[in-house]
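What follows is a single structure, and I will ask about it in a moment.
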Amino acid sequence: MRRAGISRSLLFHYFATKREYYTAVTTAAAELLRAEVLPPAGTPLVGQLPGMLDRFVGWVETYRESYVAFVRGAAGGDPWVAEVYEQTREQLVEVALAAVELPDGPLQRQLVRAWFAFTEDLVEQWTREPTMSRPELLSLLADVLDRLAPR
């Protein structure tokens, strides 16, 4: 609170509990992530995935600790954080499904969700220890997703 320049009493004037404050902060962070990472309206389908992946990698590079906390908070059993995370992830899954022109069915969604989990983990590790160039990383992520599409 000191870093933000606000007093405890002012914070709790707007938020009755720490949970309400945490909820507001998590929601705002997820909205910023979606605004930054999701393709802008009108982006041609062919450009949506590469742009989204590039922006996602940039987001995790810039806000690594916060993003890791968000993902781990969702996996750690906090149902509210998990709900915000799931909503955010589903919007990214939608873009990926459309980009590889997979039909929207339960199996396809499950595969793309698994790809996104792989993507999150690889990007998180890469930001900690880059073992390949950024273009190689982006190419690998797109290639793995493309392999889910029927031939």
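What follows draws every value from the coordinates through simple rules; no lab data is involved. Remember, predicted model here, so these are calculated numbers, not experimental data. Using ideal geometry, Cβ is built from the backbone for each residue, glycine included, and neighbour counts are taken over all protein chains shown.
With a sphere of radius 14 Å drawn around the Cβ of E86, what net charge do the other residues whose Cβ falls strictly inside it have (Lys, Arg +1; Asp, Glu -1)?
Overall, the nearby charge balance is -1.
Could you compute the FRET efficiency for R134 and A75, with r as their C-beta to C-beta distance and R0 at 22 Å, rounded to 0.05?
Working from the Cβ atoms, E equals 0.25.
Count charges around V60 for me, please; just the other residues with Cβ under 12 Å from its Cβ, Lys/Arg as +1, Asp/Glu as -1.
My count for the surroundings of V60 gives -3.
Still on this structure, I have one more. With every atom except the alpha carbons ignored, what do you get for Rg and Dmax of the range 19-123, in angstroms?
13.8, 41
Ok, one more. Just name one of V95, T131, V112: the one whose Cα is farthest towards the positive end of the charge dipole of the chain (beta-carbon charges, Lys/Arg +1, Asp/Glu -1).
Checked the options; the winner is T131.
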